[in-house]
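J.: Have a look at the structure that comes next, please.
The values are calculated or read from the model by the stated rules, or taken from the named source; none is laboratory data. This one's a predicted model, so the numbers in the text were calculated from it and none came from an experiment. Note: ideal-geometry Cβ built from the backbone for every residue, glycine included; neighbour counts use all protein chains shown. In case anyone asks, the SASA skips ligands and DNA or RNA and just uses the protein heavy atoms, side chains included. Shrake-Rupley method; radii C 1.70, N 1.55, O 1.52, S 1.80 Å.
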Amino acid sequence: MKMFKHDWLEGIWHRKLYLILSVLAAFFSCTGIHSSIIEHQKTENISNGTFMDYWIYLVDGCQAYKFDWYNSFVIPIRWICFITFLLIGVNNYMLSDLKGWGYQVLVHSKSRLNWWISKLMWSISYTLCYFFVSFCTVLIYCILRNVAVNFKPTLDIMKSQATESFMKFGNRNLYVAVLILPLLMALFLSIIQMVLSLYIRPVYVFIIMFIWLVASAYKKSWLLVGNLGMPYRMKPVLKSGFSTVQCFFVLIAASLICIIWGYLKFRKRDIFEKE
Amino acid sequence: MKIEIKDLYKEIKKNVILDNVNITLTGGKIYGIQGKNGCGKTMLMRSIAGLVIPTRGSIIINGKVLHRDISIPESIGVLIENPSFLPRYSGYENLKMLAMLDDKVSDGEIKDLLEKVGLKDAADKKFGKYSLGMKQRLGIAAAIMGSPEIVLLDEPINAIDGEGVEQIRQLILGLRDENRVVLVACHDKEEMQLLADDIICMQQGRIVEKG
């Protein structure tokens, strides 16, 4: 807990500017769907939508791409930015905390395991903060735009965004698909980014993560982890999609494996004041 | 307090940094390590502190094998190379944050410590504005904070002015305690004669002389 207090202060509070990226991602997403709704309202009789419509627009990802000479793959910028901005925030803190005075913190922590656990708690907390800030941004936007604040998507809005298939989700499945799984996927990516930073420079790790996300948007596959947090890739939205329950457990298991893998690597790592 | 180093060997990218180092350090003495740049002094200190994993060999601290029973020595203070702290905080705040991790050091003790190292007037000054000598003094304060059983000081009088050297020397001599091992690395042979009870000479990663 004492180490976590240090990590909270140095890794989150003094880096709170990075959380502005979360606000930006959420805000521009909200303006996107809002503009689209306004356009549709000129010719159709549709409502202003609900908070859930706006949230789904932020995290939905994109439909699975089928190669076609006449329809090229379009990168889902909104979704990519939302996740990438999180990865920017968590990218370099762990290693930078080891440099310079960081070795003092490690020595005073008395244990490499304590240090590793503290960094994990930081990573999880940062990701939760990031999502919370996004959530609040969407919420505030909805309040200011007189959008109903409830967790029910509206059919006419879903139709206007060509996402009416999301209405096939039951309530529980919907919440898992659009709230829990994106968060778990983001947590997994934060943790694996930390682990890979123990092997190669954080900037290269970030590039790998980015490519992994784009590949996830392009192709449906269990190995492309972005799929597991993308509502568009879930049953029943996609007939051949992933089960939300399976994704939930796979992400939890993958995160635990990364946590153990990371500790085993860190246990044997030489710490130098300058990397 | 007893530190046993057995057949310690460290290689990094095919460069031998420590080559079969064997030595026992017991409490109540100040050990000095001497040697040219690159002889392995700092790497030996890093190894004892648990910051570096030996390629072969073992370090046993009070019967506990480092990297098997413990990953970091349970009671240790370290000053290795240039001391680095958080520039946006004062010297006092930096020590307080480290003390928070240990929970053994009170605010009053931190202030006394800053006075002992000659930083009483600069306690509230941001670390980013410290001179090299002041940074070094703060590094020493961090290393001896909480009265650790192992104290590793790498070039402690680096960048310290004439008067300050005597102050730091007396501080280090005052650390001599039967329950404490103090290891000091220093280029200055005369200073080493004044400080150390035993001098260890290193060359190319090996101990060439002890006593």
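J.: Tell me which of B:Leu119, B:Leu101, B:Leu132 sits at the most positive position along the dipole axis of region B:87-147, charges placed on C-beta atoms (Lys, Arg +1; Asp, Glu -1).
T.: Farthest towards the positive end: B:Leu132.
J.: Right, next: So what's Rg/Rh here for region A:4-138, counting alpha carbon atoms and using the Kirkwood radius for Rh? Provide the component values of the computation, followed by the final result.
T.: On the way: Rg = 19.9 Å, Rh = 17.5 Å.
Radius of gyration relative to Kirkwood radius: 1.14.
J.: Note down the magnitude of the dipole of the protein assembly as shown about its Cα centre, charges +1 on Lys and Arg C-beta and -1 on Asp and Glu C-beta and zero elsewhere, to the nearest 20 debye. Before the final figure, lay out each step's value.
T.: Values: 56 positive and 43 negative charges, 334 e Å.
Roughly 1600 debye for the protein assembly as shown.
J.: Same structure, new question: Going by the alpha-carbon gyration tensor, a ≥ b ≥ c the square roots of its eigenvalues, is region B:87-147 rounded (a/c under 1.5) or, if a/c is not under 1.5, prolate (a/b greater than b/c) versus oblate?
T.: Prolate, because a/c is 1.5 or more and a/b exceeds b/c.
J.: If you don't mind, another one. Considering only DSSP beta bridges whose two residues both sit in chain B, what percent are antiparallel, to the nearest 5?
T.: Taking every DSSP beta bridge within chain B, about 50 percent pair in antiparallel fashion.
J.: Still on this structure: Which residue, chosen from A:Val133, A:Ser165, A:Ser109, occupies the Cα position most advanced towards the positive end of the dipole of region A:35-189, where the dipole is computed from +1 (Lys, Arg) and -1 (Asp, Glu) charges on Cβ about the Cα centre?
T.: A:Ser109
J.: In nm, give the distance between the simple-model label positions of A:Ser96 and A:Ile140, each being 7 Å from the Cα along the Cα-to-Cβ direction.
T.: 2.4 nm
J.: How much accessible area per residue does region A:97-149 have, in Å², with a 1.4 Å probe?
T.: Per-residue accessible area for region A:97-149 comes out at 34 Å².
J.: Counting other Cβ atoms within 10 Å of each Cβ, which GluC sites (Glu not before Pro) in region B:114-211 have at most 14 and sit in a DSSP loop?
T.: Here the GluC sites (Glu not before Pro) that fit, given the DSSP loop and packing criteria, are B:Glu178.
J.: Which of rounded, prolate or oblate describes region B:37-84 when judged by the alpha-carbon gyration tensor and an a/c cut-off of 1.5?
T.: Here region B:37-84 falls in the oblate category.
J.: Highest GNM mean-square fluctuation, chain A, Cα pairs closer than 10 Å: which of A:Phe242, A:Phe73, A:Phe135?
T.: Its mean-square fluctuation being the largest, the pick is A:Phe73.
J.: Size of the dipole of chain B about the Cα centre, Lys and Arg at +1 and Asp and Glu at -1 on the beta carbon, nothing else charged, in debye to 20?
T.: It works out to roughly 720 debye.
J.: What fraction of the DSSP beta bridges in the protein assembly as shown is antiparallel, stated in percent and rounded to the nearest 5?
T.: In the protein assembly as shown, approximately 50 percent of DSSP beta bridges are antiparallel ones.
J.: For A:Lys220, list the lysines whose Cα falls under 28 Å from its own Cα; do not include residues on the same chain fewer than 8 positions away.
T.: A:Lys66, A:Lys152, A:Lys159, A:Lys168, A:Lys235, A:Lys239
J.: Quick one: Cα centre-to-centre distance for region B:150-211 and region A:103-125, in angstrom?
T.: 30 Å
J.: Taking a ≥ b ≥ c as the square roots of the Cα gyration tensor eigenvalues, with a/c under 1.5 meaning rounded and otherwise prolate when a/b beats b/c, else oblate, which class fits region B:58-211?
T.: Oblate is the answer for region B:58-211, as a/c is 1.5 or above yet b/c matches or exceeds a/b.
J.: Cβ under 13 Å from A:Tyr65's Cβ, A:Tyr65 left aside: what net charge do those residues give with Lys, Arg +1 and Asp, Glu -1?
T.: +3
J.: Taking the Cα centre of the protein assembly as shown as the origin and placing charges on Cβ (Lys, Arg +1; Asp, Glu -1), which of B:Gly205, A:His40, B:Gln170 is farthest toward the positive end of the dipole?
T.: Working it through, the farthest residue towards the positive pole turns out to be A:His40.
J.: Moving to a separate point now. Return the residues of region B:42-57 for which accessible area with all protein chains present is lower than in the chain on its own by 30 Å² or more; set the probe to 1.4 Å and exclude ligands, DNA and RNA.
T.: Relative to the lone chain, where solvent access is computed with a 1.4 Å probe, region B:42-57 loses at least 30 Å² at B:Arg46, B:Leu51, B:Ile53.
J.: Now for a different question. Would you mind telling me the antiparallel percentage of the DSSP bridges in region B:1-125, rounded to 5?
T.: 95 percent
J.: Here's a follow-up. Only counting protein heavy atoms at a 1.4 Å probe, give the residues of region A:242-275, ordered by number, whose accessible area falls by 10 Å² or more when the other protein chains are present relative to the chain alone.
T.: The answer is A:Arg267, A:Lys268, A:Asp270, A:Ile271, A:Phe272, A:Glu273, A:Lys274 - residues whose exposure falls by at least 10 Å² when every protein chain is included.
J.: Also: Using 22 Å as the Cα-Cα cut-off, could you pick out the over-long pairs in A:Lys110/B:Lys135; A:Lys268/B:Lys14; A:Lys265/B:Lys10; A:Lys2/B:Lys135; B:Lys41/B:Lys125?
T.: Pairs exceeding the cut-off: A:Lys110/B:Lys135; A:Lys2/B:Lys135; B:Lys41/B:Lys125.
J.: Calculate the length of the line joining the C-alpha centroid of region A:190-262 to that of region A:1-80, in whole Å.
T.: 18 Å
J.: If you keep only loop residues by DSSP, which trypsin sites (Lys or Arg not before Pro) in region B:104-145 have at most 16 other Cβ atoms within 10 Å of their Cβ?
T.: Working: sites: B:Lys104, B:Lys111, B:Lys116, B:Lys120, B:Lys125, B:Lys126, B:Lys129, B:Lys135, B:Arg137; in loops: B:Lys104, B:Lys120, B:Lys125.
Filter output for region B:104-145: B:Lys104, B:Lys120, B:Lys125.
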